[in-house]
């Protein structure tokens with residue numbers, strides 16, 4: 001059996017004595033990463049480090065949350081980013097395998113929701129798809145035209161703390177599931193107790 005590789009990306013920094021930092025994807029999108037014939041590398045295993053790293057800037061270190069590709073779809077990833085004190089989120093992805101389908105726009109929509117949910121500015125950068133810098137309220141601070149070589153520059157707010165969506169979101173989700181289950185149970189009970197009409 002071949003050696004398993006860690007799904008990793010390098011965050012390059014132009015700093016004295018620092019070439020790059022590596023962060024490995026903690027959750028691998030099954031179809032693309034582990035299934036033979038999938039869209040990505042086969043035999044890749046997830047990383048175990050925190051998804052948040054310190055990036056040196058002229059104004060001092062910034063806590064950057066890293067979401068690689070489909071990390072952005074996982075609720076737990078958002079919880080970990082905020083729990084590890086990310087002040088801003090970088091979500092880098094390669095949408096080339098999906099061509100000119102709506103997948104790139106869909107992924108940006110999910111990233112926009114994460115920006116609102118976490119209360120963090122989010123940089124969604126794609127090699128070919130839709131790239132945008134999203135404010136904590138979900139509005140665009142900058143956006144690129146898909147399949148166009150370009151650059152974005154924007155001032156990002158650095159945010160700390162936990163939003164109500166992250167603190168209570170799981171509780172409300174569980175309550176909605178319970179309400180749905182209770183409604184289904186009541187409906188079944190009503191149908192079972194309904195008197196049957198005898199046919200002639």
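Summary of values
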quantity	calculated
Given (1) in contact with a helix residue (DSSP H, G or I) (Cβ under 7 Å, 6 or more places away or on another chain); (2) touching a residue at least 60 places away in the same chain (Cβ under 8 Å), number of the condition residue 126 does not satisfy	(2)
Odd one out for residue 20, checked against (1) over 23 Å from residue 118 (Cα atoms); (2) outside any loop (DSSP other than H, G, I, E, B); (3) at pLDDT 85 or above	(3)
Some residue of region 70-83 being assigned to a loop (DSSP other than H, G, I, E, B) and within 25 Å of residue 167 (Cα to Cα)	yes
Residue satisfying all of: in region 83-102; in contact with a helix residue (DSSP H, G or I) (Cβ under 9 Å, 6 or more places away or on another chain) and modelled with pLDDT under 90; surrounded by the most Cβ atoms within 10 Å (Cβ to Cβ) among these	93
Test for residue 91: is it in a helix (DSSP H, G or I), within 24 Å of residue 52 (Cα to Cα) and touching a strand residue (DSSP E or B) at 6+ places or on another chain (Cβ under 6 Å)	no
Filter result for residue 153 (part of a loop (DSSP other than H, G, I, E, B) and modelled with pLDDT under 85)	no
Single condition residue 69 does not satisfy, out of (1) surrounded by 17 or more Cβ atoms within 10 Å (Cβ to Cβ); (2) more than 15 Å from residue 157 (Cα to Cα); (3) more than 14 Å from the chain's Cα centre (by Cα); (4) touching a residue at least 40 places away in the same chain (Cβ under 8 Å)	(3)
Of all residues in region 103-114 being out of contact with any strand residue (DSSP E or B) (no Cβ under 7 Å at 6 or more places or on another chain) and modelled with pLDDT under 90, the one that is surrounded by the fewest Cβ atoms within 10 Å (Cβ to Cβ)	105
Hits in region 131-150 (condition: more than 25 Å from residue 80 (Cα to Cα) and in contact with a strand residue (DSSP E or B) (Cβ under 9 Å, 6 or more places away or on another chain))	142, 143, 144, 146
Residue match in region 131-147 (condition: surrounded by fewer than 18 Cβ atoms within 10 Å (Cβ to Cβ), touching a helix residue (DSSP H, G or I) at 6+ places or on another chain (Cβ under 7 Å) and not in a loop (DSSP other than H, G, I, E, B))	no
Filter result (modelled with pLDDT of 90 or more and not in a strand (DSSP E or B)) within region 115-130	115, 116, 117, 118, 119, 120
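The values are calculated or read from the model by the stated rules, or taken from the named source; none is laboratory data. Not measured: the values here are computed from a predicted model. No Cβ is skipped: glycine too gets one built from the backbone with ideal geometry, and neighbour counts run over all protein chains shown.
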